[in-house]
Amino acid sequence: MAKVDLAKVGKNVVKSADSGENVELQSLWQEQPVVLFFLRRFGCQVCRWMASEISKLEPDLRACGVSLVGVGPEEVGLQEFKEGGFFKGSIYVDDQKRCYKDLGFKRYTAISVVPAALGKKVRDISSKASAEGIQGNFSGDLLQSGGMLVVAKGGEKVLLHFIQDSPGDLVPLEDISKALGITASVKAGQKPVCNDDVCTR
């Protein structure tokens, strides 16, 4: 796993989706631990489902003094995302994509994005999202991937750094609580079932 330079990533400026204020990323972990969920796109159906999944942890995180933050790489689709209520934490935009770059979140090419988007993990989550009434669209940057960063209070250390390999990759909820050393009372949504012949890539 690539080592995260928190001092460098922390200097990157992100914009609050609520106030429009620009803040340094490190301000988000100054006072409390933070779970930073980096979305691929606000309009992405799979990202919306993941956001609603991670949001199940929000009451437990809040009770333990942990902040939940979503970060998107552009403002396209932000309004619709907020109105859809997919995410229970605060939302920021990294329109320079500096955090994405510094955290090693890869960019697909026009050629590599197609097989990635049609992979079994993505299809499984899409059908789950559809069953839960979560829709998506194709507006915005289709080539950016995302991931997660969990940082201890004051930026003492990185508790979890996750880079998506496929757009359908997500961190299990229990791994997030474990990284923070808290007990969560939520159950993850029915995970897509994967067997070896389809999920080895």
Take region 133-161 and flag every residue that is closer than 16 Å to residue 53 by Cα, open to solvent by 10 Å² or more (accessible area, probe 1.4 Å) and hydrophobic (A, V, I, L, M, F, W, C).
134
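Among residues belonging to region 94-111 that are among the hydroxyl-bearing types (Ser, Thr, Tyr) and in a loop (DSSP other than H, G, I, E, B), point out the one that is nearest to residue 167 (Cα to Cα). Give the steps one after another, and end with the answer.
The initial filter retains those residues of region 94-111 that are among the hydroxyl-bearing types (Ser, Thr, Tyr), namely 100, 108-109.
Restricting the remaining residues to those that are in a loop (DSSP other than H, G, I, E, B) gives 108-109.
On the way: 108: 10, 109: 13 Å.
The extreme case among them is 108.
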Where a residue in region 46-57 is under 9 Å from residue 136 (Cβ atoms) and its partner, wherever it lies, is assigned to a helix (DSSP H, G or I) and open to solvent by 10 Å² or more (accessible area, probe 1.4 Å), with Cβ under 7 Å and at least six apart:
46/122; 46/126; 48/84; 49/128
Would you tally the residues in region 145-180 being of a type in the set (Val, Ile, Thr) and assigned to a loop (DSSP other than H, G, I, E, B)?
1
Can you confirm whether residue 101 is over 14 Å from the mean Cα position of the chain (by Cα), open to solvent by 30 Å² or more (accessible area, probe 1.4 Å) and at pLDDT below 95?
no
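In region 31-86, which helices (runs of 4 or more DSSP H) lie fully inside it and hold 1 or more residues that are open to solvent by 20 Å² or more (accessible area, probe 1.4 Å) and either β-branched (Val, Ile, Thr) or closer than 24 Å to residue 178 by Cβ (or both)?
Here the list reads 45-54, 58-63.
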Which residues, counting only those in region 117-132, are among the hydrophobic types (A, V, I, L, M, F, W, C), open to solvent by 40 Å² or more (accessible area, probe 1.4 Å) and within 17 Å of residue 86 (Cβ to Cβ)?
131
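The values are calculated or read from the model by the stated rules, or taken from the named source; none is laboratory data. Everything quoted here is computed from the prediction, not taken from an experiment. As a convention, Cβ positions derive from the backbone with ideal geometry for all residues, glycine included, and neighbour counts pool all protein chains shown. Areas reflect the complete protein model, heavy atoms only, side chains present, ligands, DNA and RNA absent. Shrake-Rupley method; radii C 1.70, N 1.55, O 1.52, S 1.80 Å.
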